[in-house]
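A quick write-up on the structure given underneath.
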Amino acid sequence: QVQLVESGGGLVHPGGSLRLSCAASGSILSINAMGWYRKAPGKQRELVAVITTGVSTNYADSVKGRFTISRDNAENTVYLQMNSLKPEDTAVYYCNLRNYLGDYWGQGTQVTVSS
C-alpha cells in the first residue's frame, strides 16, 4: 500500500502564497511521476502540475508562472509552491503518485483564496 499525506492548505488573501507538501510512504516501488490535482465545487478534477522522476514538469495553463512543483526524491516528497493566488484557485488539492501499478491519491487539502 501507498500512503500520501498532504499538508499546507489553508485560507489566504488574493495575491498571497501557500506551499503544499505531500509525503509518500509504504510500497512506493518505482515512481513514475508525482503531481497535484484540484477539484473545485461544481467542477471536475483537473491537473495542476506534475513532475516526473526525470524532473520534467507540466503545468495547467491557468497556473503557469504562478505555481512551481518540486520534488525531493530522497524523501519521496513533492511540493507545490503557489504564488499570486486568485479566488479561482480555491479548491481541494489532491496529491497523486503514479507507478507501474497505477495511481494513488492523498486525502486532499483545502485551499481557499478569499478576501
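So here's what we get for this one:
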read-out	value
Hits in segment 62-113 - residues which are modelled with pLDDT under 95 and either among the charged types (D, E, K, R) or assigned to a loop (DSSP other than H, G, I, E, B) (or both)	Arg71, Asp72, Glu75, Asn76, Arg98, Tyr100, Leu101, Asp103
From Leu20, Leu47, Leu11, Leu4, residue being out of contact with any Gly (no Cβ under 9 Å at 6 or more places or on another chain), modelled with pLDDT of 95 or more, part of a strand (DSSP E or B) and hydrophobic (A, V, I, L, M, F, W, C)	Leu11
Residues of segment 52-61 satisfying the condition of being open to solvent by less than 60 Å² (accessible area, probe 1.4 Å) and at pLDDT 95 or above	Tyr59, Ala60
Breaking point among (1) over 24 Å from Ser115 (Cα atoms); (2) free of Cβ contacts under 8 Å to residues at least 24 places away in the same chain, for Arg66	(1)
Residues satisfying the stated conditions in segment 1-23, i.e. open to solvent by 50 Å² or more (accessible area, probe 1.4 Å), over 12 Å from Leu97 (Cα atoms) and under 15 Å from the mean Cα position of the chain (by Cα)	Ser7, Ser17, Arg19
Count - residues of segment 24-42 that are under 17 Å from the mean Cα position of the chain (by Cα) and surrounded by fewer than 17 Cβ atoms within 10 Å (Cβ to Cβ)	4
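The values are calculated or read from the model by the stated rules, or taken from the named source; none is laboratory data. Note that the structure is a prediction, hence the values are computed from the model and not measured. Please note: Cβ atoms are built from the backbone with ideal geometry, for glycine as well, and neighbour counts cover all protein chains shown. Accessible surface is based on the protein model in full, side chains and every heavy atom, while ligands, DNA and RNA are left aside. Shrake-Rupley method; radii C 1.70, N 1.55, O 1.52, S 1.80 Å.
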